[in-house]
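Peer 1: This structure is in structure tokens; I'll ask about it shortly.
The values are calculated or read from the model by the stated rules, or taken from the named source; none is laboratory data. All values reported here derive from a predicted model rather than from experimental measurement. Cβ: placed from backbone, ideal geometry, glycine included. Neighbour counts: every protein chain shown. Keep in mind that these areas ignore ligands, DNA and RNA; they rest on the heavy atoms of the full protein, side chains included. Shrake-Rupley method; radii C 1.70, N 1.55, O 1.52, S 1.80 Å.
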Amino acid sequence: MSDILDLNGKVTLITGAGQGVGRQIALHFAAHNAAGIVVNDYFLERAEQVAREINAAGGKAIAAQADVTDLASVKAMIGKAEQAFGPIDVLVNNAGNAGATPDPDARKPFWETGPEVWNSFIGVNLYGVINCASACIPQMIERKGGRIVTIISDAGRAGEAGLEVYSGAKAGAAGFTRAVARSLGRHNITANCVAIAATLTPAIEARLKANPEMQKKMMEKYVIRRPGLPSDVANMVLFLASDASAWITGQTYPVNGGFTFAL
């Protein structure tokens, strides 16, 4: 029986893939016949570790350092990827949070900070998505096909107290992705979002382990009473990257344990 999630030799780029959700997406893609995986991270050593893990298991991957908030850096990464594997077929915009080096004031109320802190959220979560899409789309149009998957957050769908600028940036990324879907459907390019809630990335896992009472209180808000796993997210991203989702575009899929519901 054929695997409906087989990536059929597609070349994939995953941003922010040196750990957590991005790393698991890369491992999922490697296990489902990606021709080549470009593992991006701001920190090269993290990307190299994931690439080594994939290659040791029989996949094909390269590490690519780039700051997604810098278009020139993104274009240089795309050039390196094309030299190694050819044009990008699947772009996963995963890099997010407050960027690679979060500002120490990022958790303060936004009205007590200013543009320097706000831009740490807007840069990676919105401009990072725009930069990577703009660098990959021309080749997708030329080859008449492609997949774009953007990881957003339930904060961008429903809003999150204390994360106002982050919520706005993620909502912006979702709106951008929907507009891209409308523009590029005629070229057989799909663009969708995956909205996630509390997921056990290294940072969140460390916070929850340090405060079991906080974890218990947090999980009371989830219908499925556990935090998300990177594999929960990677399963949906793999589906949206595969031919199984060929007639789906412009959608946002919550992968959130029932933290919020959507029609």
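Peer 1: Please go through segment 64-94 and give me each residue that is of a type in the set (D, E, K, R) and either under 16 Å from Ala169 (Cα atoms) or open to solvent by 40 Å² or more (accessible area, probe 1.4 Å) (or both), ordered by number.
Peer 2: Asp67, Asp70, Lys75, Lys80, Glu82
Peer 1: I would also like to ask the following. Quick one: would you say Val39 is under 15 Å from the mean Cα position of the chain (by Cα) and either without any contact (Cβ under 8 Å) to a residue 40 or more places away in the chain or assigned to a helix (DSSP H, G or I) (or both)?
Peer 2: yes
Peer 1: Of all residues in segment 46-61 being assigned to a helix (DSSP H, G or I) and within 19 Å of the chain's Cα centre (by Cα), which is surrounded by the fewest Cβ atoms within 10 Å (Cβ to Cβ)?
Peer 2: Gln49
Peer 1: Continuing with this model, one more query. What number of residues within segment 100-116 are under 14 Å from Ala203 (Cβ atoms) and open to solvent by less than 70 Å² (accessible area, probe 1.4 Å)?
Peer 2: 2
Peer 1: I would also like to ask the following. Looking at (1) under 18 Å from Ala64 (Cβ atoms); (2) at pLDDT 95 or above, can you tell me which one Leu126 breaks?
Peer 2: Unmet condition: (1).
Peer 1: Any chance you could count how many residues in segment 12-25 are touching a Ser or Thr at 6+ places or on another chain (Cβ under 8 Å) and assigned to a helix (DSSP H, G or I)?
Peer 2: Of the residues in segment 12-25, 4 are touching a Ser or Thr at 6+ places or on another chain (Cβ under 8 Å) and assigned to a helix (DSSP H, G or I).
Peer 1: If you don't mind, there's one more thing I want to ask. Quickly run through segment 179-217 and pick out the residues that are touching a residue at least 24 places away in the same chain (Cβ under 8 Å) and surrounded by fewer than 17 Cβ atoms within 10 Å (Cβ to Cβ).
Peer 2: Arg182, Gly185, His187, Asn188, Pro202, Ala203
Peer 1: Something else: Taking the criterion of being modelled with pLDDT of 95 or more, at positive phi and surrounded by fewer than 16 Cβ atoms within 10 Å (Cβ to Cβ), would at least one residue in segment 224-244 satisfy it?
Peer 2: no
Peer 1: Here's a follow-up. Need pairs with beta-carbon distance below 7 Å; first residue closer than 16 Å to Arg178 by Cβ and open to solvent by less than 50 Å² (accessible area, probe 1.4 Å) and within segment 125-152, second among the charged types (D, E, K, R) and in a helix (DSSP H, G or I); sequence gap 6+ or separate chains.
Peer 2: That search, which allows pairs on different chains as well, returns Asn125/Lys170; Ile152/Lys170.
Peer 1: Any residue in segment 49-71 that's touching a residue at least 60 places away in the same chain (Cβ under 8 Å): show its pairings with residues that are of a type outside the set (D, E, K, R) and assigned to a loop (DSSP other than H, G, I, E, B) at Cβ separation under 6 Å, as long as the two are six or more apart or on different chains.
Peer 2: Val68/Thr15; Val68/Ala95
Peer 1: All but one of (1) more than 19 Å from Lys170 (Cβ to Cβ); (2) of a type in the set (S, T, N, Q); (3) open to solvent by 30 Å² or more (accessible area, probe 1.4 Å) hold for Asn97, so report the exception by its number.
Peer 2: Status for Asn97: all satisfied but (1).
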